[in-house]
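Okay, so here's the structure we're looking at.
FYI, it's all coordinate maths here, none of it is from the lab. It should be emphasised that the depicted structure is a prediction, and the values quoted were computed from it without experimental measurement. Positions of Cβ are backbone-derived with ideal geometry, glycine not excepted, and every protein chain shown enters the neighbour counts.
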Amino acid sequence: MAAAGIRLAEASDEVRAVVGALIGRARDAQRRYAGFDQRGVDDVAAAAAWAIMEPARNRELAELAVRDTGLGDVADKIQKNHRKTLGLMRDLKGTRTVGVIGEDHDRGIVEIARPVGVVAAITPSTNPAATPANKIVNALKCGNAVIVAPSPKGQGTAQRLVDLMHAEMVRSGLAPELATGLVQVLPAPVTKAATHELMRQADLIVATGSQANVRAAYSSGTPAFGVGAGNVAAIVDASADPVAAASRIARSKTFDNATSCSSENALVVVDSIFDQTMAALAAEGGVMLDGPDTERLASAMWPDGKLASALIAQTAPRIAQIAGLADARARHARFLMVAEDSWGAAHPFSGEKLSPVLAVYRARGLDDAARIVEGIYGYQGAGHSVGLHTATPSDAVSLGLRLPVSRVIVNQAHCIATGGSFDNGLPFSLSMGCGTWGGNSFSENMHYRHYLNVTRVAYPIAPREPGVDDIFGDYFQRHGRR
């Protein structure tokens, strides 16, 4: 289902002038940068990456992110900043993004990398350093300039990140005016009008965060890559090791207080392994709430039908305190669980919660579990991904053939694996395409190729025109020519 367009906020003359000045500086810098060779571009990208990975600066940015936004956990953000950036640099190492990047002599095709120009990087408050860094490094690797449009809460972190990048880029030998032109950030206070005006004036938008921003990007008239909504479900199949599955689920569900769109929101457990799995989840610090506490939590999380910002990305004990839960175990829980049996607006726990709260479903078998996930994604989260814990990995292909998902994550901590990990083959990214199911034009992890134009040179080759029977012979044998 395609994302509905929205009307962009009108910008004042002052806002248009401010954004226009940023764009002008970016275009001037990008034109100079377009003359860099591959080694020069690689050095600039490496400088930007090291600016967030250097341990002291990493910690500073993680602490600033939590202090400014009130979301997540410092230690987990340090790990995220490091691993996601290191993994990205691993993916980019040796990759050609300048000049000729591919030659197919048999087809007579030569591919030439060309920058897209000025990238508008729309980034969320949940990852105010890691997500901008990923987009900036990708953009620089491909010869582009980039302007970050952070969330209002994340502006201070994004500005500090960009300042650190400028310093590291200059240290590597880049002229200061070039560094400050290639990477910029919208000034505080960040407004919807300024963000939308940046969308209008840029050459490409890469939008991560709220669906409102993604829809605005699609409605801006500028080419855009936007991501779909998260609401990940994971299945624990009958053959799974419940202890191993619970360990992975708990690690994923609690990482950075569930700020990730890839954090599990629903767990679907096959009946024959249900009790063992619940016991294993309890051993990992999960607390299943009773009916009255479930109602208290629902009232606190959705006081007016909308997810309360005060509970987003908080710890389970903090959520329990705010919600006034009676169960004393909740005050020391790693994550909270509620029993659920349906989905939709009347069952809010079936949607995305952006917190260490997990809806638990009981299924008769794998087929029934897939049916439940289909129902959940029919309400929210179609196109993103599904987790599977199993000793029968081939069942993942069956799920991939059936469910409206772009990724099936097998026997892994979902929020860590979905955006690329050192023990799977997905590209390192913090922006996951969700295909047409999620209203997106792509269904892969956003990576460097999304930041490139490619010019193709076509040389003449020996004709390879087939005969009609070469193409339709099998069809004619089965159905005849008439």
In the neighbourhood of residue 147 defined by beta carbon distances under 14 Å, the net charge of the other residues (Lys, Arg +1; Asp, Glu -1) is +1
How about region 106-192: which GluC sites (Glu not before Pro) there are in a DSSP loop, with at most 13 other Cβ atoms within 10 Å of their Cβ? none
Relative to the present Cα-Cα distance, how much length would full extension add between residue 422 and residue 472 at 0.36 nm per residue of separation? 13.5 nm
Residue 445's amide H: which non-local residues (gap 5+, or another chain) put their own amide H closer than 5 Å, with H modeled 1.01 Å from N in plane and none for Pro or chain starts? 433
Quick one: net charge of residue 459's neighbours, Cβ under 15 Å, K/R +1, D/E -1? -1
Aspartates and glutamates with Cα under 14 Å of residue 77, excluding same-chain neighbours fewer than 8 positions away: 54, 60, 63, 68, 256
Cβ-based charge dipole, the chain, positive-most Cα from 401, 242, 115: 115
How much mean residue ellipticity at 222 nm does the chain get from its helices, if each DSSP H run of length 4 or more adds -39500 (n - 2.57) and you divide by all residues, to the nearest 500 deg cm²/dmol? -13500 deg cm²/dmol
Does region 320-458 come out rounded, prolate or oblate, given a ≥ b ≥ c as the square roots of the eigenvalues of its C-alpha gyration tensor, rounded meaning a/c under 1.5 and, failing that, prolate meaning a/b above b/c? prolate
Take residue 465 and residue 12, extend 7 Å from each Cα along the Cα→Cβ direction, and tell me the distance between the two endpoints in nm. 6.6 nm
What lysines sit close enough to residue 93 to cross-link, taking a C-alpha to C-alpha distance under 22 Å and skipping anything fewer than 8 places away on the same chain? 80, 84, 135, 141
Total formal charge among the other residues, if their Cβ is under 12 angstrom from that of residue 396, Lys/Arg +1 and Asp/Glu -1: 0
Subtracting the Cα-Cα distance of residue 332 and residue 290 from 0.36 nm times their residue separation yields 13.5 nm
